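Down below is the structure, laid out as structure tokens.
The values are calculated or read from the model by the stated rules, or taken from the named source; none is laboratory data. Note that the coordinates shown come from a computational prediction; the quantities given were computed from them, not determined experimentally. Glycine gets a Cβ as well: all are built from the backbone with ideal geometry, and neighbour counts include every protein chain shown.
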Amino acid sequence: MRAWWVLPNRDQRDDLLASDGKTTLPLRKVLDPRLRPDGFSHGVPTELLAKCGPEGFAQILFAQRFSGWDGDKVLFSVATPAGTDSSGRVVYLGLLFILGPHERPRFELDEAALPEEDRAYGRVLIRRMRGAGGGDAWAQSVRELSELPADSGPATNVALERSVVRFHSLYALGTGGLIRKTFIGRIPRIGAITLAILLAVVGAWLAVRTGVMTWHFS
């Protein structure tokens, strides 16, 4: 496992910065832009910010998982709002993991290596992801995302309606917060195909049965 903090872009610099706790370098040195998967985001999508409103920003955790990335590796990230810059624009603190095919992210980076203005946000993020309690739905959704099977494809912890990429997700954001999707909404693609075939067979059988009964009565 390799892990980095992705630092808030408070100065609106051209390059985002990443830190492994010892060295700070441009994010592009860690994640080559040419290898970034479609739909990858280093922050929180605006549709989630709009749904939560400013009063809910502190609770948001947005995570993504791309299995089969760059061979058999897994790209995993989680980001949270980290205040605003001098112009009032929301900035984000994130964690980026490059994992082996059977690894899960371990939230072990020390926030002490962050710039002073970011340490409180880092401390909260690590504490939430290490917490074992069930009261933090956002953190639970991130943990469940990390446990998805390798063949689940691109996935996010919460559903996106405006993304150009089709992501698998287990949670949706409603007016009352995160809601776990129903079983119907989580049927895997192969399950949906099997169900469609079964319904077609049953429909054909009923059609034949109805035809036979009609013939007998006629």
Hey, among LEU7, LEU96, which residue is surrounded by 15 or more Cβ atoms within 10 Å (Cβ to Cβ), within 22 Å of SER169 (Cα to Cα), assigned by TED's automatic domain parsing to the domain that holds VAL124 and modelled with pLDDT of 95 or more? LEU96
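Let me confirm something: among PRO54, PRO33, which residue is closer than 17 Å to VAL165 by Cβ and either over 14 Å from the mean Cα position of the chain (by Cα) or surrounded by fewer than 16 Cβ atoms within 10 Å (Cβ to Cβ) (or both)?
On the way: PRO54 fails: closer than 17 Å to VAL165 by Cβ.
Residue meeting the stated conditions: PRO33.
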Has the range 105-119 got any residue that is modelled with pLDDT of 95 or more, outside any strand (DSSP E or B) and of a type in the set (Lys, Arg)? yes
Mind counting the residues in the range 59-80 that are out of contact with any strand residue (DSSP E or B) (no Cβ under 7 Å at 6 or more places or on another chain), outside any strand (DSSP E or B) and surrounded by 13 or more Cβ atoms within 10 Å (Cβ to Cβ)? 2
Close pairs from the range 153-182: first among the hydroxyl-bearing types (Ser, Thr, Tyr), partner surrounded by fewer than 16 Cβ atoms within 10 Å (Cβ to Cβ), Cβ under 6 Å, at least 6 apart: TYR171/ARG180
Counting only residues that are at pLDDT 95 or above and more than 24 Å from VAL158 (Cβ to Cβ), the range 66-91 contains a total of 0
